[in-house]
1. On a 0 to 90 degree scale, rounded to 10, what angle separates helix 19-41 from the longest Cα axis of the chain?
2. Pull up the cross-link candidates among the lysines for Lys109, meaning alpha carbon to alpha carbon under 18 Å and not fewer than 8 places away within one chain.
3. If each residue's Cβ is checked for other Cβ atoms within 10 Å, how do Val112, Val268, Val35, Val120 rank with the fewest at the top?
4. Given a 10 angstrom Cα cut-off, can you work out which residue in Phe87, Phe195, Phe218 is the most mobile in a GNM of the chain?
5. Can you give me the relative contact order of the chain as a percent, contacts being Cα pairs under 8 Å and 6 or more apart?
6. Kindly express, to the nearest 10 degrees and within the range 0 to 90, the angle between helix 218-229's C-alpha long axis and the longest C-alpha principal axis of the chain.
7. Within the range 7-35, list the residues whose amide N lies under 20 Å from a label point set 7 Å along Cα→Cβ of Arg265.
8. Please report Leu105, Leu73 as a ranked list, fewest other C-beta atoms within 10 angstrom at the top and most at the bottom.
Amino acid sequence: MKDIKTLLKLEWEKTFWNGSFRAIIATYTLLFLMVVLIGSQVGLNINGVRVDKLFVFPHVWQTLSWIASWFNLLLGILMIVLVTSEFQFRTFRKQLIDGISRPQLLIAKGGVAVILALFVVAITLTTAITTGLLMGNAEQVSAFSGIEILLVLFIQALAYLVLGILISFSVKNTALSILSFILLFFPIEPIIRAFFSSETGAFFPMKSISDLTPMPDFFGIAAGDLIQINQQFTPEGVAINEPTISWISTITVVVYIALFSFALRAIVAKRNF
């Protein structure tokens, strides 16, 4: 049996040189940067807020996390491609013959998932700092207010990745796994949620995961600007906009990640490679 450090190093080297991995990561990065570049240069006015205002501190943290979440489905698909290709080429069977245990197979894939989730946080953090510096004043006290949403983005990305691994080990076929992954988000879960109240539906797995990084609050930003312009005028019931995080939703998704992991462990323990 290989030690965990060696196992993770070998797994990452195998993943990095995979053509599909490079193509999807390049696509993710390109799409993300293109949307940020175009969005930050648009002068469109929504509810009294110029869109480019969303790319200055401190709003940039929530805005870029929201944009990054658009493409997190790509990460789930990437993980499906990586796992199912190993079924196709019987890599898992060879690793088991070489002495790697089933739990170690999962640890290796889990390690890749964590690295990919950290990649999302890193590119979002770097782009947010760069964009914020170019678009506004970084010396203001509130510049880093709301940066904790990057932790939520990490959890969301990890949830997509772990779900992708779970579906891959359950279905094994690449095309069917990707189709199942997409159909879970629409229309399967939305149809099931329709039979429940909106309060209950908010705790369904796909809904919980996708809602972790909501759209920036245009009206709240406009109200905050108004208050900052006229400090002596505070509209009743309106507060300066601060990016907020639903920690209940975040904990819910963490629980789902744990449940996905337990289900995955049970499947792998019985799976015939």
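Taken together, the values in this text are just the output of simple stated rules run on the coordinates, not laboratory data. Please read all numbers here as calculations on a predicted model, not as lab measurements. With ideal geometry, Cβ positions are generated from the backbone for all residues, glycine too; neighbour counts draw on all protein chains shown.
1. 0 degrees
2. Lys2, Lys5, Lys9, Lys14, Lys94, Lys172, Lys270
3. Final ranking by Cβ density, sparse to dense: Val35, Val268, Val112, Val120.
4. Phe195
5. Reported relative contact order: 26 percent.
6. Value to nearest ten degrees: 40.
7. Those under the cut-off are 7-8.
8. Exposure proxy ranking, most exposed first: Leu73, Leu105.
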